[in-house]
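The values are calculated or read from the model by the stated rules, or taken from the named source; none is laboratory data. Bear in mind that the values here come from a model prediction, so they are computed numbers and not experimental data. Here the Cβ positions follow ideal geometry from the backbone for every residue, glycine too, while neighbour counts run over all protein chains shown.
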(Lines give C-alpha, C1' and ligand atoms only; values in the text may rest on other atoms or scores of the structure.)
Protein backbone atom coordinates (compact mmCIF):
# COMPACT_ATOMS: atom_id res chain seq x y z
CA UNK A 1 0.00 0.00 0.00
CA UNK A 2 1.32 3.48 -0.91
CA UNK A 3 2.19 5.95 1.84
CA UNK A 4 1.05 9.60 2.09
CA UNK A 5 4.20 10.86 0.36
CA UNK A 6 3.40 8.71 -2.68
CA UNK A 7 -0.11 10.09 -2.82
CA UNK A 8 1.17 13.66 -2.50
CA UNK A 9 3.60 13.08 -5.35
CA UNK A 10 0.86 11.62 -7.51
CA UNK A 11 -1.26 14.73 -6.94
CA UNK A 12 1.40 17.14 -8.30
CA UNK A 13 0.55 18.69 -11.66
CA UNK A 14 1.56 21.92 -13.36
CA UNK A 15 0.31 23.11 -16.74
CA UNK A 16 2.06 26.10 -18.29
CA UNK A 17 0.08 28.21 -20.80
CA UNK A 18 0.89 27.83 -24.48
CA UNK A 19 4.07 29.72 -25.28
CA UNK A 20 3.86 31.55 -28.57
CA UNK A 21 5.45 34.71 -29.90
CA UNK A 22 2.89 37.41 -30.70
CA UNK A 23 4.12 40.34 -32.80
CA UNK A 24 0.94 42.44 -32.98
CA UNK A 25 -2.17 43.21 -30.96
CA UNK A 26 -4.27 41.74 -33.77
CA UNK A 27 -2.50 38.37 -33.38
CA UNK A 28 -3.24 38.40 -29.65
CA UNK A 29 -6.86 39.38 -30.36
CA UNK A 30 -7.26 36.51 -32.84
CA UNK A 31 -6.04 34.02 -30.21
CA UNK A 32 -8.44 35.49 -27.64
CA UNK A 33 -11.33 35.23 -30.13
CA UNK A 34 -10.36 31.61 -30.80
CA UNK A 35 -10.56 30.83 -27.08
CA UNK A 36 -13.80 32.79 -26.64
CA UNK A 37 -15.72 31.17 -29.51
CA UNK A 38 -14.52 27.55 -29.42
CA UNK A 39 -15.07 24.57 -27.17
CA UNK A 40 -11.55 25.05 -25.78
CA UNK A 41 -11.36 25.37 -22.00
CA UNK A 42 -9.76 28.77 -21.20
CA UNK A 43 -6.44 28.47 -19.35
CA UNK A 44 -5.96 31.25 -16.77
CA UNK A 45 -2.17 31.31 -17.14
CA UNK A 46 -2.43 31.74 -20.89
CA UNK A 47 -5.09 34.46 -20.51
CA UNK A 48 -2.87 36.40 -18.09
CA UNK A 49 0.03 36.06 -20.52
CA UNK A 50 -2.11 37.25 -23.47
CA UNK A 51 -3.33 40.26 -21.50
CA UNK A 52 0.21 41.24 -20.51
CA UNK A 53 1.52 40.88 -24.08
CA UNK A 54 -1.43 42.83 -25.53
CA UNK A 55 -0.93 45.85 -23.28
CA UNK A 56 2.84 45.74 -23.61
CA UNK A 57 2.46 46.05 -27.41
CA UNK A 58 -0.35 48.61 -26.94
CA UNK A 59 1.84 50.83 -24.74
CA UNK A 60 4.82 50.52 -27.10
CA UNK A 61 2.66 51.51 -30.10
CA UNK A 62 1.27 54.51 -28.29
CA UNK A 63 4.77 55.66 -27.28
CA UNK A 64 5.99 55.26 -30.87
CA UNK A 65 3.04 57.31 -32.18
CA UNK A 66 3.75 60.09 -29.68
CA UNK A 67 7.46 60.20 -30.58
CA UNK A 68 6.71 60.12 -34.32
CA UNK A 69 4.22 62.99 -33.95
CA UNK A 70 6.68 65.14 -31.99
CA UNK A 71 9.61 64.25 -34.29
CA UNK A 72 7.56 65.41 -37.29
CA UNK A 73 7.19 68.83 -35.67
CA UNK A 74 3.71 68.24 -34.23
CA UNK A 75 2.34 70.62 -31.63
CA UNK A 76 2.33 68.88 -28.20
CA UNK A 77 -0.68 71.02 -27.23
CA UNK A 78 -2.76 69.51 -30.03
CA UNK A 79 -1.81 65.86 -29.51
CA UNK A 80 -4.74 63.72 -28.38
CA UNK A 81 -4.80 59.98 -27.65
CA UNK A 82 -7.42 58.46 -29.94
CA UNK A 83 -9.66 55.51 -28.93
CA UNK A 84 -8.29 52.12 -29.98
CA UNK A 85 -10.84 49.81 -31.65
CA UNK A 86 -8.56 46.80 -31.17
CA UNK A 87 -8.37 47.43 -27.42
CA UNK A 88 -12.17 47.72 -27.18
CA UNK A 89 -12.57 44.44 -29.10
CA UNK A 90 -9.98 42.79 -26.84
CA UNK A 91 -11.87 43.85 -23.70
CA UNK A 92 -15.17 42.56 -25.13
CA UNK A 93 -13.69 39.13 -25.97
CA UNK A 94 -12.07 38.86 -22.53
CA UNK A 95 -15.48 39.49 -20.95
CA UNK A 96 -16.96 36.64 -23.02
CA UNK A 97 -14.14 34.37 -21.83
CA UNK A 98 -14.74 35.39 -18.23
CA UNK A 99 -18.38 34.36 -18.48
CA UNK A 100 -17.40 31.17 -20.31
CA UNK A 101 -14.90 30.19 -17.59
CA UNK A 102 -17.53 30.69 -14.89
CA UNK A 103 -19.95 28.41 -16.74
CA UNK A 104 -17.28 25.74 -17.36
CA UNK A 105 -16.27 25.84 -13.71
CA UNK A 106 -19.81 25.04 -12.60
CA UNK A 107 -20.05 22.20 -15.14
CA UNK A 108 -16.73 20.75 -14.01
CA UNK A 109 -17.77 20.85 -10.38
CA UNK A 110 -20.96 18.95 -11.23
CA UNK A 111 -18.95 16.36 -13.21
CA UNK A 112 -16.51 15.93 -10.33
CA UNK A 113 -19.36 15.21 -7.94
CA UNK A 114 -20.77 12.62 -10.39
CA UNK A 115 -17.31 11.05 -10.79
CA UNK A 116 -16.91 10.94 -7.01
CA UNK A 117 -20.18 9.05 -6.68
CA UNK A 118 -19.09 6.53 -9.36
CA UNK A 119 -15.72 5.92 -7.68
CA UNK A 120 -17.31 5.48 -4.27
CA UNK A 121 -19.69 2.95 -5.80
CA UNK A 122 -16.73 1.01 -7.30
CA UNK A 123 -14.95 1.02 -3.92
CA UNK A 124 -18.06 -0.39 -2.25
CA UNK A 125 -18.29 -3.15 -4.87
CA UNK A 126 -14.62 -4.14 -4.43
CA UNK A 127 -15.03 -3.93 -0.66
CA UNK A 128 -17.91 -6.41 -0.93
CA UNK A 129 -15.61 -8.81 -2.84
CA UNK A 130 -13.12 -8.91 0.04
CA UNK A 131 -15.46 -10.63 2.50
CA UNK A 132 -13.95 -14.13 1.85
CA UNK A 133 -11.40 -15.92 -0.39
CA UNK A 134 -14.26 -17.74 -2.11
CA UNK A 135 -16.00 -14.43 -2.90
CA UNK A 136 -12.73 -12.97 -4.20
CA UNK A 137 -12.03 -15.93 -6.53
CA UNK A 138 -15.58 -15.92 -7.83
CA UNK A 139 -15.52 -12.16 -8.60
CA UNK A 140 -12.12 -11.92 -10.33
CA UNK A 141 -13.44 -10.98 -13.81
CA UNK A 142 -15.88 -8.48 -12.34
CA UNK A 143 -12.96 -7.02 -10.35
CA UNK A 144 -10.92 -6.50 -13.54
CA UNK A 145 -13.92 -4.78 -15.14
CA UNK A 146 -14.26 -2.45 -12.14
CA UNK A 147 -10.55 -1.57 -12.38
CA UNK A 148 -11.01 -0.58 -16.02
CA UNK A 149 -14.05 1.53 -15.14
CA UNK A 150 -12.02 3.24 -12.42
CA UNK A 151 -9.31 4.20 -14.93
CA UNK A 152 -11.88 5.73 -17.27
CA UNK A 153 -13.42 7.98 -14.64
CA UNK A 154 -11.96 11.52 -14.72
CA UNK A 155 -11.32 14.05 -11.96
CA UNK A 156 -13.11 14.24 -8.63
CA UNK A 157 -13.12 17.10 -6.03
CA UNK A 158 -9.52 17.76 -4.94
CA UNK A 159 -10.35 17.67 -1.22
CA UNK A 160 -11.64 14.06 -1.62
CA UNK A 161 -9.02 12.72 -4.04
CA UNK A 162 -6.42 11.50 -1.55
CA UNK A 163 -8.89 9.79 0.77
CA UNK A 164 -10.74 8.09 -2.12
CA UNK A 165 -7.45 6.88 -3.64
CA UNK A 166 -6.28 5.42 -0.32
CA UNK A 167 -9.55 3.53 0.15
CA UNK A 168 -9.45 2.22 -3.39
CA UNK A 169 -5.85 0.97 -2.99
CA UNK A 170 -6.71 -0.56 0.39
CA UNK A 171 -9.52 -2.74 -0.97
CA UNK A 172 -7.67 -3.59 -4.21
CA UNK A 173 -4.73 -4.91 -2.18
CA UNK A 174 -7.08 -6.76 0.19
CA UNK A 175 -8.77 -8.34 -2.81
CA UNK A 176 -5.44 -9.62 -4.16
CA UNK A 177 -4.42 -10.88 -0.72
CA UNK A 178 -7.63 -12.97 -0.57
CA UNK A 179 -7.25 -14.27 -4.11
CA UNK A 180 -6.17 -17.85 -3.19
CA UNK A 181 -8.05 -20.26 -5.42
CA UNK A 182 -6.84 -18.61 -8.62
CA UNK A 183 -3.30 -18.08 -7.43
CA UNK A 184 -1.90 -18.40 -10.94
CA UNK A 185 -3.97 -15.47 -12.20
CA UNK A 186 -2.96 -13.37 -9.22
CA UNK A 187 0.73 -14.11 -9.64
CA UNK A 188 0.44 -13.33 -13.33
CA UNK A 189 -1.10 -9.92 -12.54
CA UNK A 190 1.59 -9.22 -9.94
CA UNK A 191 4.31 -10.09 -12.46
CA UNK A 192 2.87 -7.90 -15.21
CA UNK A 193 2.34 -5.03 -12.78
CA UNK A 194 5.95 -5.35 -11.55
CA UNK A 195 7.28 -5.28 -15.11
CA UNK A 196 5.20 -2.20 -15.90
CA UNK A 197 6.25 -0.38 -12.72
CA UNK A 198 9.91 -1.32 -13.28
CA UNK A 199 9.76 0.28 -16.74
CA UNK A 200 8.27 3.40 -15.20
CA UNK A 201 11.11 3.48 -12.64
CA UNK A 202 13.68 3.23 -15.43
CA UNK A 203 11.93 5.98 -17.38
CA UNK A 204 11.81 8.21 -14.29
CA UNK A 205 15.52 7.61 -13.59
CA UNK A 206 16.40 8.47 -17.20
CA UNK A 207 14.58 11.81 -16.87
CA UNK A 208 17.42 12.99 -14.60
CA UNK A 209 19.47 13.38 -17.81
CA UNK A 210 16.83 15.59 -19.49
CA UNK A 211 18.26 19.15 -19.84
CA UNK A 212 14.79 20.74 -20.03
CA UNK A 213 13.65 20.79 -16.40
CA UNK A 214 10.06 21.73 -17.26
CA UNK A 215 9.74 19.00 -19.87
CA UNK A 216 11.20 16.44 -17.45
CA UNK A 217 8.69 17.43 -14.78
CA UNK A 218 5.73 17.16 -17.14
CA UNK A 219 6.90 13.76 -18.36
CA UNK A 220 7.20 12.68 -14.74
CA UNK A 221 3.54 13.63 -14.14
CA UNK A 222 2.55 11.34 -17.01
CA UNK A 223 4.62 8.53 -15.47
CA UNK A 224 2.91 9.09 -12.13
CA UNK A 225 -0.50 8.84 -13.76
CA UNK A 226 0.52 5.55 -15.39
CA UNK A 227 1.93 4.28 -12.07
CA UNK A 228 -1.35 5.17 -10.37
CA UNK A 229 -3.36 3.13 -12.89
CA UNK A 230 -1.19 -0.04 -12.61
CA UNK A 231 -2.39 -2.58 -10.05
CA UNK A 232 -0.37 -3.86 -7.07
CA UNK A 233 2.70 -6.09 -7.12
CA UNK A 234 3.57 -8.93 -4.75
CA UNK A 235 3.27 -7.76 -1.17
CA UNK A 236 6.96 -8.23 -0.36
CA UNK A 237 7.97 -6.05 -3.36
CA UNK A 238 5.51 -3.21 -2.95
CA UNK A 239 7.61 -0.97 -0.71
CA UNK A 240 10.78 -1.65 -2.71
CA UNK A 241 9.33 -0.77 -6.12
CA UNK A 242 7.57 2.32 -4.76
CA UNK A 243 10.76 3.53 -3.02
CA UNK A 244 12.68 3.21 -6.29
CA UNK A 245 10.05 5.20 -8.20
CA UNK A 246 9.76 7.76 -5.40
CA UNK A 247 13.55 8.34 -5.28
CA UNK A 248 13.71 8.88 -9.04
CA UNK A 249 10.78 11.32 -8.74
CA UNK A 250 12.49 13.22 -5.93
CA UNK A 251 15.49 13.99 -8.16
CA UNK A 252 13.25 15.52 -10.85
CA UNK A 253 11.06 17.34 -8.34
CA UNK A 254 14.07 18.95 -6.65
CA UNK A 255 15.39 20.20 -9.99
CA UNK A 256 11.94 21.49 -10.85
CA UNK A 257 11.58 23.16 -7.46
CA UNK A 258 15.02 24.81 -7.73
CA UNK A 259 14.21 26.03 -11.23
CA UNK A 260 11.04 27.72 -10.04
CA UNK A 261 12.68 29.09 -6.90
CA UNK A 262 15.25 30.79 -9.14
CA UNK A 263 12.48 31.94 -11.45
CA UNK A 264 10.40 33.25 -8.56
CA UNK A 265 13.40 35.13 -7.16
CA UNK A 266 13.94 36.80 -10.54
CA UNK A 267 10.23 37.54 -10.85
CA UNK A 268 10.22 39.10 -7.36
CA UNK A 269 13.17 41.26 -8.40
CA UNK A 270 11.27 42.26 -11.55
CA UNK A 271 8.21 43.08 -9.45
CA UNK A 272 10.28 45.31 -7.16
CA UNK A 273 11.77 47.13 -10.16
CA UNK A 274 8.36 47.55 -11.80
CA UNK A 275 6.84 48.77 -8.53
CA UNK A 276 9.61 51.38 -8.27
CA UNK A 277 8.80 52.61 -11.80
CA UNK A 278 5.09 52.84 -10.93
CA UNK A 279 5.97 54.86 -7.83
CA UNK A 280 8.12 57.20 -9.93
CA UNK A 281 5.19 58.04 -12.19
CA UNK A 282 2.71 58.24 -9.31
CA UNK A 283 5.07 60.60 -7.46
CA UNK A 284 4.86 63.18 -10.26
CA UNK A 285 2.78 66.03 -8.84
CA UNK A 286 0.41 66.84 -11.68
CA UNK A 287 -1.01 69.86 -9.82
CA UNK A 288 2.39 71.59 -9.98
CA UNK A 289 2.46 71.47 -13.79
CA UNK A 290 1.47 75.05 -14.62
CA UNK A 291 3.41 75.61 -17.86
CA UNK A 292 3.60 73.72 -21.15
CA UNK A 293 7.35 73.26 -20.60
CA UNK A 294 6.63 71.52 -17.26
CA UNK A 295 4.47 68.95 -19.04
CA UNK A 296 7.00 68.41 -21.83
CA UNK A 297 9.82 67.80 -19.32
CA UNK A 298 7.61 65.34 -17.43
CA UNK A 299 6.65 63.60 -20.70
CA UNK A 300 10.33 62.99 -21.50
CA UNK A 301 10.77 61.45 -18.05
CA UNK A 302 7.70 59.23 -18.55
CA UNK A 303 9.00 57.98 -21.92
CA UNK A 304 12.35 57.10 -20.30
CA UNK A 305 10.52 55.16 -17.57
CA UNK A 306 8.51 53.30 -20.21
CA UNK A 307 11.79 52.34 -21.89
CA UNK A 308 13.08 50.93 -18.59
CA UNK A 309 9.82 49.00 -18.09
CA UNK A 310 10.18 47.24 -21.45
CA UNK A 311 13.59 45.89 -20.45
CA UNK A 312 12.22 44.20 -17.31
CA UNK A 313 10.88 40.64 -17.52
CA UNK A 314 7.70 39.14 -16.05
CA UNK A 315 6.66 39.60 -12.42
CA UNK A 316 5.15 36.71 -10.39
CA UNK A 317 2.05 35.37 -12.12
CA UNK A 318 -0.42 36.49 -9.44
CA UNK A 319 0.99 40.05 -9.62
CA UNK A 320 2.00 40.33 -13.28
CA UNK A 321 -1.33 41.63 -14.57
CA UNK A 322 -1.90 43.75 -11.45
CA UNK A 323 1.44 45.54 -11.66
CA UNK A 324 0.94 46.14 -15.37
CA UNK A 325 -2.53 47.55 -14.69
CA UNK A 326 -1.02 49.84 -12.06
CA UNK A 327 1.63 51.00 -14.54
CA UNK A 328 -0.92 51.49 -17.32
CA UNK A 329 -3.30 53.44 -15.07
CA UNK A 330 -0.46 55.72 -13.91
CA UNK A 331 0.52 56.39 -17.54
CA UNK A 332 -3.08 56.94 -18.63
CA UNK A 333 -3.72 59.37 -15.79
CA UNK A 334 -0.62 61.39 -16.69
CA UNK A 335 -1.42 61.65 -20.40
CA UNK A 336 -5.10 62.32 -19.68
CA UNK A 337 -4.20 65.22 -17.36
CA UNK A 338 -1.69 66.49 -19.92
CA UNK A 339 -4.32 66.50 -22.68
CA UNK A 340 -6.77 68.22 -20.34
CA UNK A 341 -4.15 70.88 -19.47
CA UNK A 342 -3.40 71.73 -23.10
CA UNK A 343 -7.09 71.75 -23.94
CA UNK A 344 -7.81 74.17 -21.09
CA UNK A 345 -4.81 76.41 -21.73
CA UNK A 346 -5.66 76.66 -25.41
CA UNK A 347 -9.19 77.64 -24.49
CA UNK A 348 -7.87 80.18 -21.94
CA UNK A 349 -5.47 81.73 -24.48
CA UNK A 350 -8.33 82.14 -26.95
CA UNK A 351 -10.51 83.74 -24.27
CA UNK A 352 -7.75 86.18 -23.23
CA UNK A 353 -7.06 87.08 -26.86
CA UNK A 354 -10.73 87.84 -27.45
CA UNK A 355 -10.85 90.09 -24.35
CA UNK A 356 -7.82 92.11 -25.47
CA UNK A 357 -9.17 92.45 -29.02
CA UNK A 358 -12.39 93.90 -27.60
CA UNK A 359 -10.41 96.41 -25.50
CA UNK A 360 -8.43 97.46 -28.60
CA UNK A 361 -11.66 98.07 -30.54
CA UNK A 362 -13.13 100.09 -27.66
CA UNK A 363 -9.93 102.14 -27.32
CA UNK A 364 -9.92 102.95 -31.04
CA UNK A 365 -13.57 104.06 -30.83
CA UNK A 366 -12.71 106.38 -27.90
CA UNK A 367 -9.46 107.78 -29.34
CA UNK A 368 -11.19 110.77 -31.02
CA UNK A 369 -13.62 111.47 -28.15
CA UNK A 370 -13.78 115.01 -26.68
CA UNK A 371 -15.44 113.92 -23.42
CA UNK A 372 -12.10 114.41 -21.72
CA UNK A 373 -12.93 113.42 -18.13
CA UNK A 374 -15.33 110.57 -18.85
CA UNK A 375 -13.27 109.04 -21.66
CA UNK A 376 -9.96 109.49 -19.80
CA UNK A 377 -11.31 107.64 -16.76
CA UNK A 378 -12.72 104.95 -19.00
CA UNK A 379 -9.40 104.44 -20.83
CA UNK A 380 -7.51 104.22 -17.53
CA UNK A 381 -10.00 101.62 -16.31
CA UNK A 382 -9.52 99.72 -19.58
CA UNK A 383 -5.74 99.79 -19.00
CA UNK A 384 -6.30 98.19 -15.59
CA UNK A 385 -8.51 95.55 -17.21
CA UNK A 386 -5.77 94.91 -19.79
CA UNK A 387 -3.24 94.35 -17.03
CA UNK A 388 -5.49 91.79 -15.31
CA UNK A 389 -6.14 89.74 -18.46
CA UNK A 390 -4.02 86.61 -18.57
CA UNK A 391 -1.34 85.50 -21.01
CA UNK A 392 -1.77 85.37 -24.80
CA UNK A 393 0.81 84.17 -27.37
CA UNK A 394 3.59 86.79 -27.49
CA UNK A 395 3.43 87.68 -31.18
CA UNK A 396 -0.29 88.46 -31.08
CA UNK A 397 -0.03 90.05 -27.64
CA UNK A 398 2.68 92.54 -28.69
CA UNK A 399 0.70 93.63 -31.75
CA UNK A 400 -2.49 94.15 -29.75
CA UNK A 401 -0.60 96.10 -27.07
CA UNK A 402 0.88 98.38 -29.73
CA UNK A 403 -2.58 99.12 -31.16
CA UNK A 404 -4.13 99.59 -27.71
CA UNK A 405 -1.37 101.91 -26.50
CA UNK A 406 -1.52 103.90 -29.75
CA UNK A 407 -5.25 104.51 -29.35
CA UNK A 408 -4.81 105.54 -25.69
CA UNK A 409 -1.93 107.88 -26.51
CA UNK A 410 -3.90 109.51 -29.32
CA UNK A 411 -6.66 110.47 -26.90
CA UNK A 412 -4.41 111.56 -24.03
CA UNK A 413 -2.13 113.58 -26.33
CA UNK A 414 -5.15 115.47 -27.65
CA UNK A 415 -6.52 116.04 -24.17
CA UNK A 416 -3.16 117.18 -22.77
CA UNK A 417 -2.67 119.61 -25.65
CA UNK A 418 -6.08 121.15 -25.01
CA UNK A 419 -5.51 121.46 -21.29
CA UNK A 420 -1.91 122.69 -21.48
CA UNK A 421 -2.87 125.94 -19.79
CA UNK A 422 -4.52 124.33 -16.82
CA UNK A 423 -1.73 124.83 -14.21
CA UNK A 424 -3.46 122.96 -11.42
CA UNK A 425 -3.80 119.94 -13.64
CA UNK A 426 -0.18 120.32 -14.74
CA UNK A 427 0.96 120.27 -11.10
CA UNK A 428 -1.20 117.20 -10.50
CA UNK A 429 0.38 115.63 -13.57
CA UNK A 430 3.83 116.50 -12.20
CA UNK A 431 3.01 114.70 -8.93
CA UNK A 432 1.74 111.66 -10.85
CA UNK A 433 4.85 111.52 -13.03
CA UNK A 434 7.14 111.79 -10.04
CA UNK A 435 5.21 108.99 -8.31
CA UNK A 436 5.70 106.86 -11.42
CA UNK A 437 9.41 107.82 -11.57
CA UNK A 438 9.71 106.76 -7.91
CA UNK A 439 8.16 103.40 -8.80
CA UNK A 440 10.59 103.08 -11.71
CA UNK A 441 13.49 103.78 -9.33
CA UNK A 442 12.20 100.98 -7.09
CA UNK A 443 12.39 98.69 -10.12
CA UNK A 444 16.06 99.62 -10.53
CA UNK A 445 16.73 98.30 -7.02
CA UNK A 446 14.41 95.29 -7.33
CA UNK A 447 14.29 94.33 -11.00
CA UNK A 448 12.77 90.85 -10.60
CA UNK A 449 11.86 88.41 -13.33
CA UNK A 450 8.84 90.49 -14.47
CA UNK A 451 10.90 93.63 -15.08
CA UNK A 452 9.81 94.15 -18.69
CA UNK A 453 6.10 93.77 -17.90
CA UNK A 454 6.34 96.08 -14.87
CA UNK A 455 8.21 98.65 -16.97
CA UNK A 456 5.58 98.36 -19.69
CA UNK A 457 2.78 98.97 -17.19
CA UNK A 458 4.51 102.02 -15.65
CA UNK A 459 5.41 103.44 -19.08
CA UNK A 460 1.75 103.15 -20.05
CA UNK A 461 0.77 104.97 -16.86
CA UNK A 462 3.44 107.63 -17.46
CA UNK A 463 2.36 108.21 -21.04
CA UNK A 464 -1.26 108.50 -19.93
CA UNK A 465 -0.36 111.47 -17.68
CA UNK A 466 -0.74 114.89 -19.27
CA UNK A 467 1.56 117.94 -19.39
CA UNK A 468 3.51 119.27 -16.40
CA UNK A 469 4.48 122.92 -15.66
CA UNK A 470 6.87 124.21 -18.32
CA UNK A 471 9.67 125.11 -15.91
CA UNK A 472 9.61 121.55 -14.51
CA UNK A 473 9.34 119.87 -17.89
CA UNK A 474 13.07 119.39 -18.61
CA UNK A 475 13.83 118.35 -15.07
CA UNK A 476 11.15 115.66 -14.89
CA UNK A 477 12.03 114.61 -18.44
CA UNK A 478 15.67 114.18 -17.36
CA UNK A 479 14.67 112.22 -14.23
CA UNK A 480 12.42 109.96 -16.26
CA UNK A 481 14.99 109.22 -18.95
CA UNK A 482 17.79 108.69 -16.43
CA UNK A 483 15.84 106.00 -14.64
CA UNK A 484 14.65 104.54 -17.96
CA UNK A 485 18.28 104.40 -19.18
CA UNK A 486 19.18 102.42 -16.05
CA UNK A 487 16.26 100.07 -16.50
CA UNK A 488 16.93 99.51 -20.19
CA UNK A 489 20.59 98.90 -19.35
CA UNK A 490 19.53 96.27 -16.78
CA UNK A 491 17.09 94.79 -19.27
CA UNK A 492 19.73 94.69 -22.01
CA UNK A 493 22.23 93.16 -19.58
CA UNK A 494 19.77 90.41 -18.69
CA UNK A 495 19.01 89.83 -22.35
CA UNK A 496 22.73 89.81 -23.18
CA UNK A 497 23.41 87.18 -20.51
CA UNK A 498 20.62 85.00 -21.83
CA UNK A 499 21.84 85.59 -25.37
CA UNK A 500 25.46 84.59 -24.66
CA UNK A 501 24.24 81.57 -22.63
CA UNK A 502 22.12 80.38 -25.56
CA UNK A 503 25.01 81.08 -27.96
CA UNK A 504 27.40 78.90 -25.93
CA UNK A 505 24.85 76.10 -25.74
CA UNK A 506 24.43 76.23 -29.52
CA UNK A 507 28.17 76.05 -30.36
CA UNK A 508 28.17 72.24 -30.49
CA UNK A 509 25.37 72.35 -33.05
CA UNK A 510 27.34 74.87 -35.11
CA UNK A 511 30.48 72.72 -34.91
CA UNK A 512 28.57 69.72 -36.23
CA UNK A 513 27.77 71.60 -39.47
CA UNK A 514 31.33 71.26 -40.75
CA UNK A 515 35.03 71.35 -39.98
CA UNK A 516 35.26 75.13 -40.55
CA UNK A 517 31.85 76.06 -39.16
CA UNK A 518 33.21 77.60 -35.94
CA UNK A 519 35.99 79.44 -37.80
CA UNK A 520 33.46 80.85 -40.25
CA UNK A 521 31.29 82.04 -37.37
CA UNK A 522 34.34 83.62 -35.72
CA UNK A 523 35.21 85.43 -38.94
CA UNK A 524 31.68 86.79 -39.20
CA UNK A 525 31.85 88.02 -35.59
CA UNK A 526 35.22 89.73 -36.20
CA UNK A 527 33.72 91.62 -39.13
CA UNK A 528 30.78 92.63 -36.93
CA UNK A 529 33.25 93.70 -34.24
CA UNK A 530 35.09 96.00 -36.68
CA UNK A 531 31.80 97.40 -37.95
CA UNK A 532 30.62 98.26 -34.41
CA UNK A 533 33.93 99.93 -33.55
CA UNK A 534 33.70 102.03 -36.67
CA UNK A 535 30.16 103.14 -35.79
CA UNK A 536 31.20 104.04 -32.24
CA UNK A 537 34.13 106.06 -33.55
CA UNK A 538 31.85 107.94 -35.95
CA UNK A 539 29.35 108.86 -33.23
CA UNK A 540 32.11 109.91 -30.81
CA UNK A 541 33.73 112.09 -33.52
CA UNK A 542 30.39 113.77 -34.21
CA UNK A 543 29.88 114.41 -30.51
CA UNK A 544 33.36 115.93 -30.37
CA UNK A 545 32.34 118.71 -32.76
CA UNK A 546 29.65 119.91 -30.35
CA UNK A 547 30.69 122.34 -27.61
CA UNK A 548 29.58 122.08 -24.01
CA UNK A 549 26.89 124.70 -24.41
CA UNK A 550 25.29 123.02 -27.37
CA UNK A 551 25.37 119.66 -25.61
CA UNK A 552 23.48 120.84 -22.55
CA UNK A 553 19.81 119.86 -22.63
CA UNK A 554 20.07 118.73 -26.24
CA UNK A 555 17.81 115.71 -26.78
CA UNK A 556 19.66 114.82 -29.99
CA UNK A 557 22.94 114.60 -28.06
CA UNK A 558 21.29 112.46 -25.39
CA UNK A 559 19.95 110.18 -28.05
CA UNK A 560 23.42 109.91 -29.64
CA UNK A 561 24.95 109.08 -26.26
CA UNK A 562 22.36 106.34 -25.75
CA UNK A 563 23.19 104.91 -29.17
CA UNK A 564 26.91 104.90 -28.36
CA UNK A 565 26.17 103.12 -25.08
CA UNK A 566 24.04 100.54 -26.93
CA UNK A 567 26.78 100.00 -29.54
CA UNK A 568 29.36 99.45 -26.82
CA UNK A 569 27.13 96.82 -25.19
CA UNK A 570 26.74 95.12 -28.58
CA UNK A 571 30.54 95.26 -29.00
CA UNK A 572 31.01 93.63 -25.59
CA UNK A 573 28.54 90.87 -26.54
CA UNK A 574 30.42 90.15 -29.78
CA UNK A 575 33.70 89.90 -27.83
CA UNK A 576 32.08 87.39 -25.44
CA UNK A 577 30.95 85.30 -28.40
CA UNK A 578 34.45 85.30 -29.93
CA UNK A 579 35.89 84.20 -26.56
CA UNK A 580 33.32 81.41 -26.37
CA UNK A 581 34.33 80.13 -29.84
CA UNK A 582 38.03 80.28 -28.90
CA UNK A 583 37.30 78.28 -25.75
CA UNK A 584 35.35 75.68 -27.77
CA UNK A 585 38.22 75.33 -30.31
CA UNK A 586 40.81 74.50 -27.63
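Structural remarks
Let's see how each residue does on (1) without any contact (Cβ under 8 Å) to a residue 40 or more places away in the chain; (2) surrounded by fewer than 13 Cβ atoms within 10 Å (Cβ to Cβ):
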| position | (1), (2) |
| --- | --- |
| 140 | no, no |
| 146 | yes, no |
| 151 | no, yes |
| 172 | no, no |
| 177 | no, no |
| 193 | no, no |
| 196 | yes, no |
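- Qualifying residue in segment 325-346 (condition: surrounded by fewer than 16 Cβ atoms within 10 Å (Cβ to Cβ) and within 30 Å of residue 408 (Cα to Cα)): yes
Conditions tested, residue by residue: (1) in contact with a helix residue (DSSP H, G or I) (Cβ under 8 Å, 6 or more places away or on another chain); (2) in a helix (DSSP H, G or I); (3) under 16 Å from residue 432 (Cβ atoms).
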| position | (1), (2), (3) |
| --- | --- |
| 368 | yes, no, no |
| 373 | no, yes, yes |
| 377 | no, yes, yes |
| 391 | yes, no, no |
| 398 | no, yes, no |
| 403 | yes, yes, no |
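- Conditions (1) exposed (fewer than 13 other Cβ atoms within 10 Å of the Cβ); (2) at pLDDT 65 or above; (3) more than 19 Å from the chain's Cα centre (by Cα); number of the one not met by residue 49: (1)
- Residue identified as at pLDDT 80 or above, within 21 Å of residue 336 (Cβ to Cβ) and surrounded by 14 or more Cβ atoms within 10 Å (Cβ to Cβ) among 55, 69, 22: 55
- When residue 134 is tested against (1) closer than 17 Å to residue 116 by Cα; (2) in a helix (DSSP H, G or I), exactly one condition is not met: (1).
- For segment 461-508, a tally of residues being more than 24 Å from residue 560 (Cα to Cα) and touching a helix residue (DSSP H, G or I) at 6+ places or on another chain (Cβ under 6 Å) returns 11.
- Single match in 471, 513 (criterion: surrounded by fewer than 16 Cβ atoms within 10 Å (Cβ to Cβ) and part of a helix (DSSP H, G or I)): 471
Okay, residues lined up against (1) over 22 Å from residue 384 (Cα atoms); (2) assigned to a helix (DSSP H, G or I); (3) not assigned by TED's automatic domain parsing to the domain that holds residue 555:
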position	(1), (2), (3)
452	no, yes, yes
455	no, yes, yes
467	no, no, yes
478	yes, yes, yes
482	yes, yes, yes
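- Test: residue in segment 545-554 that is part of a helix (DSSP H, G or I), closer than 27 Å to residue 571 by Cα and either assigned by TED's automatic domain parsing to the domain that holds residue 570 or over 57 Å from the mean Cα position of the chain (by Cα) (or both): yes
- Selection over segment 420-450 of residues that are touching a helix residue (DSSP H, G or I) at 6+ places or on another chain (Cβ under 8 Å), in a helix (DSSP H, G or I), surrounded by fewer than 18 Cβ atoms within 10 Å (Cβ to Cβ) and at pLDDT below 85 gives a count of 1.
- Residues that are surrounded by fewer than 20 Cβ atoms within 10 Å (Cβ to Cβ) and part of a helix (DSSP H, G or I), drawn from segment 208-222: 208, 209, 213, 214, 215, 218, 219, 221, 222
- Among the residues examined, residue 302 does not qualify as in contact (Cβ under 8 Å) with a residue 12 or more places away in the chain and part of a loop (DSSP other than H, G, I, E, B).
- Selection from segment 28-46 of residues that are surrounded by fewer than 16 Cβ atoms within 10 Å (Cβ to Cβ) and part of a helix (DSSP H, G or I): 30, 34, 44, 45
- Residue within segment 82-93 that is farther than 30 Å from residue 340 by Cα, under 47 Å from the mean Cα position of the chain (by Cα), at pLDDT 85 or above and in a helix (DSSP H, G or I) present: yes
- Within segment 134-149, restricting attention to residues that are touching a helix residue (DSSP H, G or I) at 6+ places or on another chain (Cβ under 8 Å) and farther than 17 Å from residue 189 by Cα, the residue that is modelled with the highest pLDDT is 149.
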